[in-house]
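A quick write-up on the structure given underneath.
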Amino acid sequence: MSRKPDLFLFTPTPPTVLPMESAHDFKRWVLADGLKPSVALRKLMDKYQCPKMHATVPIDLIRFAYPNIDIGLLGFTFRIIDSAYPNSDPKQFSDDDFDQGLAEVLAHPLNQVE
Amino acid sequence: MSDKDFINSKLLLMRQDKQPVFDGFVGPLQEMAKQGELGKTVKIPVDGNWFTVSFDAVQVKEDRLVITANRILDGLTTATHNPAERRYIVEFAGTRAAYLVGFYEPRHIRHGWPYIYWSIRSYAPCSTGARVYVQDFFAHEEIRKLIVAMEGVYGTSNILNSYINDNLLRFQAGVRAGKTPQEIEKAWSRGLMEGLGYCHVEANDTGGPKGSWKSVAVHWCKHKQDLRG
């Protein structure tokens, strides 16, 4: 029998907190305005003052902007956490990894169906 | 013993060990020995990146380099935009040699079922082929805790993960031995997953190129009817 979740540590505040409006902004900037994903992300970081954002932020934004893709393909989430926006450390951020990773995931055959 | 002597004695021990894992590590320590100061951080080159660790935190265990870091996140948390959504994050300050981030999706875009998935790193490979581990982070145990916690929140019975298999020694060894991705995954996680009720597994090469290997998608489930076949 599984242990109850309340026996696990729970942190009610995520590493980065953003309003839902920020996800709508990102989606509009990328899909309607045609901004490069990393450029839209930088714009979001400026507007919402989160220069040290956690790697889950770009993952959440992609999930919101592209609800019908499998974001886990090709290790894209791994690539975001490990290479694109690691350690909430702006000095280690790599926009190219984000843009290239997303382009590869969107072009994957399994994301081309339907 | 002065700081300088302490560091020099450590360097001497490391040279006697003759372990290739220290090839990129001795230089920064020699610099520290010249300065004769403890408490500074040392950057070690790992997997093309630089991981910053404090000298005191480095231990030698058999053929492994083990670093100690503070867990800054260790369990369930809320999502960035939605306080009702749950995440499972294990994260250490100053290093990404080990981490675990778990997510929930209410519906798979092609198969319909809800599922959990995660990204994990349990060690950092060095260019020498050696590995750097983080103290007290054991992949099976951390994954087990994630599954139980996320099951408790979402009641899910499907797990989906995608690996870049050339990062995993188990895939390299398994493929060389003529095993399929499915056989490799089942062997790796038999005790863990079957113990949690995930008795069915299917693994597929996604076809995505990655060096001379390809990524593999693995699906674990409790109910046979959820298999894609």
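The values are calculated or read from the model by the stated rules, or taken from the named source; none is laboratory data. Fair warning: this is a prediction, and the values are worked out from it, not measured in the lab. Every residue, glycine among them, receives a Cβ derived from its backbone with ideal geometry; neighbour counts consider all protein chains shown.
The table for this structure:
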quantity: Subset of region B:84-110 [more than 10 Å from chain A (Cβ to nearest Cβ) and surrounded by fewer than 19 Cβ atoms within 10 Å (Cβ to Cβ)]; calculated: B:A84, B:Y104, B:P106
quantity: Strands (runs of 3 or more DSSP E) completely within region B:1-106 that count 2 or more residues being over 30 Å from A:P14 (Cα atoms) and either at pLDDT below 65 or aromatic (F, W, Y) (or both); calculated: B:58-61
quantity: Checking A:T56 against (1) surrounded by fewer than 19 Cβ atoms within 10 Å (Cβ to Cβ); (2) closer than 21 Å to B:Y88 by Cβ, the condition it does not meet; calculated: (1)
quantity: Residues of region B:63-76 classified as surrounded by 22 or more Cβ atoms within 10 Å (Cβ to Cβ) and within 8 Å of another protein chain (Cβ to nearest Cβ), total; calculated: 1
quantity: Complete set of residues in region A:14-35 that are within 12 Å of chain B (Cβ to nearest Cβ) and part of a helix (DSSP H, G or I); calculated: A:M20, A:E21, A:S22, A:A23, A:H24, A:D25, A:F26, A:K27
quantity: Flag if A:S38 is modelled with pLDDT of 90 or more and either touching an Asp or Glu at 6+ places or on another chain (Cβ under 7 Å) or assigned to a helix (DSSP H, G or I) (or both); calculated: yes
quantity: Qualifying residue in region A:54-62 (condition: in contact with a strand residue (DSSP E or B) (Cβ under 8 Å, 6 or more places away or on another chain) and either more than 9 Å from chain B (Cβ to nearest Cβ) or not β-branched (V, I, T) (or both)); calculated: yes
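Here's the yes/no breakdown for (1) small (G, A, S); (2) more than 10 Å from chain B (Cβ to nearest Cβ); (3) free of Cβ contacts under 8 Å to residues at least 40 places away in the same chain:
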{"residue": "A:G72", "(1), (2), (3)": "yes, no, yes"}
{"residue": "A:R79", "(1), (2), (3)": "no, no, yes"}
{"residue": "A:S83", "(1), (2), (3)": "yes, no, yes"}
{"residue": "A:D89", "(1), (2), (3)": "no, no, yes"}
{"residue": "A:Q92", "(1), (2), (3)": "no, no, yes"}
{"residue": "A:F98", "(1), (2), (3)": "no, yes, no"}
{"residue": "A:G101", "(1), (2), (3)": "yes, yes, yes"}
{"residue": "A:E104", "(1), (2), (3)": "no, no, yes"}
{"residue": "A:H108", "(1), (2), (3)": "no, no, yes"}
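Let's see how each residue does on (1) more than 10 Å from every other protein chain (Cβ to nearest Cβ); (2) at pLDDT 80 or above:
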{"residue": "B:Y133", "(1), (2)": "yes, yes"}
{"residue": "B:F138", "(1), (2)": "yes, yes"}
{"residue": "B:V153", "(1), (2)": "no, yes"}
{"residue": "B:T156", "(1), (2)": "yes, yes"}
{"residue": "B:G178", "(1), (2)": "yes, yes"}
{"residue": "B:E185", "(1), (2)": "yes, no"}
